[in-house]
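Asker: Got a structure for you, questions after.
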């Protein structure tokens, strides 16, 4: 799969809604002199294009080749200014920055009192919404103004501003350290996947606690807690500490539910917190709680008070369908999962500029698993091939690994014996190069390699032997993730019992629903 070359201006224009395009034309048409401007002609031409073509633009004679780059930059800037003026897109953060800009203009005009009045209102709004970076900028401008114009309104004005600046600086420093740590952990997860040995576990743990600032959770504000929880979630995901992941993702979501006014201010973090909570509930196989969280998130997103924009639309689509499919896997409902595939593919196309290629590949893996569960091995192979043949993407190694392992089993089930030998060679070569050949994967590949030597009447016995061998790794801290990516145990049981894999998964899902789950209840986990 080759990455499509995209022109930034063209992508921006294509992302505009009808109302945003209308507002832009009203914005640039506010002066008669703009009616025949070259950049308006360029906008209209690019708006009609299905694919970006520089040659088509030059053939229209709108602009010379040497001037095109500058004209595109000017048009890009004008579109952004128009979007900034759109009241629908104005969130709290933009409103506060707008007030800061107004105050700066008043200061430059020498209207100090008016500037300070605007800054005070903006600062209160910023602090109420935990926008402490902007609040710090506001205090710094207040200090500049006070150093030139003494209002004499408060005798301790200087001390007050200094204390505010020191406090905000300290809080912002903590947030920066926590957000840096969170980002570094996430980067490690994307690049290398989860801890695969005691050595990697110790390395990650040492890194985490060395970089974690010395803070007390109860002393942190909303925003600092948000980054504190996020860093802990990523650390526990990396070390595969599922109970800790549940604990901190639950705290994350609970904090938003306790302060609902912060959801419209930080809708992305609200969605991500719910997604991480559902991911861990999927991993620990808790369908009842999973369904409750999913329903709660969907109801919140569908509420008229929830912000609407392209970014949130893409995230809502991603988290909704990813978790709907995961719920189908938990409950063994592959027929329902199959019905989601057209909507998933439509969403991938609709949000192609918002969803990164890594998450598109994750969707393809889920689709491949759906087809495998439905015993449609040809379509399973098609979607796995989209992942395996993607040479332009640096994805999580574990995703690439299990895509190849599942591909071997799909080829075996489809009866592609010639292709199977080729897939085995390529998979071995790939895994050895990655140094990521786990015991579960070794056992599975050894089994497939000798399948052609097993007589048909001995096949069931061979499946039973493999099941016994793999069962001992089911609760191994570094091997168990293999069964989360690829439910090989259910596949083996289906072969032994001569029943469809869907029946086996549904039976297990029914058992999970009947189990007592006090060990992972919200109350018991938080006590740990």
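The values are calculated or read from the model by the stated rules, or taken from the named source; none is laboratory data. Note that the coordinates shown come from a computational prediction; the quantities given were computed from them, not determined experimentally. Reconstructed Cβ throughout: ideal geometry from the backbone, glycine too, with neighbour counts over all protein chains shown.
Asker: Touching a residue at least 24 places away in the same chain (Cβ under 8 Å), crowded, with 21+ Cβ neighbours inside 10 Å and part of a helix (DSSP H, G or I): does that describe residue 268?
Answerer: Numbers: touching a residue at least 24 places away in the same chain (Cβ under 8 Å): yes; crowded, with 21+ Cβ neighbours inside 10 Å: no; part of a helix (DSSP H, G or I): yes.
Against the criterion (touching a residue at least 24 places away in the same chain (Cβ under 8 Å), crowded, with 21+ Cβ neighbours inside 10 Å and part of a helix (DSSP H, G or I)), residue 268 does not qualify.
Asker: Sticking with this one: Of all residues in the stretch 81-108, which are without any contact (Cβ under 8 Å) to a residue 24 or more places away in the chain and either closer than 19 Å to residue 140 by Cβ or touching a helix residue (DSSP H, G or I) at 6+ places or on another chain (Cβ under 6 Å) (or both)?
Answerer: Of everything in the stretch 81-108, those that are without any contact (Cβ under 8 Å) to a residue 24 or more places away in the chain and either closer than 19 Å to residue 140 by Cβ or touching a helix residue (DSSP H, G or I) at 6+ places or on another chain (Cβ under 6 Å) (or both) turn out to be 98, 101, 102, 105, 106, 108.
Asker: List the pairs whose first member sits in the stretch 17-28 and is farther than 13 Å from residue 81 by Cα, whose second member is at pLDDT below 90 and surrounded by 11 or more Cβ atoms within 10 Å (Cβ to Cβ), and whose Cβ atoms are under 9 Å apart, counting only residues at least 6 apart or on separate chains?
Answerer: 17/310; 19/86; 19/88
Asker: Check whether at least one residue in the stretch 97-107 is in a helix (DSSP H, G or I) and within 27 Å of the chain's Cα centre (by Cα), and report yes or no.
Answerer: yes
Asker: Please find, among 470, 437, the residue that is outside the structural domain of residue 192 (by TED's automatic domain parsing), at pLDDT 80 or above, within 28 Å of residue 202 (Cα to Cα) and touching a helix residue (DSSP H, G or I) at 6+ places or on another chain (Cβ under 7 Å).
Answerer: After ruling out the rest, the residue left standing is 470.
Asker: May I pose another question? Need the failing condition index for residue 399 against (1) closer than 26 Å to residue 268 by Cα; (2) in a helix (DSSP H, G or I); (3) modelled with pLDDT of 85 or more, just the number.
Answerer: (3)
Asker: What number of residues within the stretch 171-192 are over 25 Å from residue 253 (Cβ atoms) and surrounded by 13 or more Cβ atoms within 10 Å (Cβ to Cβ)?
Answerer: Start the filter on the stretch 171-192 by keeping residues that are over 25 Å from residue 253 (Cβ atoms), which leaves 173, 191-192.
Still in the running and surrounded by 13 or more Cβ atoms within 10 Å (Cβ to Cβ): 192.
Looking only at that region, the number is 1.
Asker: Collect the residues in the stretch 224-265 that are under 21 Å from residue 475 (Cβ atoms) and in contact with a helix residue (DSSP H, G or I) (Cβ under 7 Å, 6 or more places away or on another chain), keeping them in residue-number order.
Answerer: The answer is 236, 237, 238, 239, 240, 242, 243, 244, 245, 246, 247.
Asker: Please work out which one of (1) modelled with pLDDT under 90; (2) outside any loop (DSSP other than H, G, I, E, B) is the condition residue 304 fails and give its number.
Answerer: (2)
Asker: Another question about this same structure. Consider the stretch 175-220. How many of its residues are at pLDDT 90 or above, closer than 22 Å to residue 441 by Cβ and in contact with a helix residue (DSSP H, G or I) (Cβ under 6 Å, 6 or more places away or on another chain)?
Answerer: Final tally of qualifying residues: 1.
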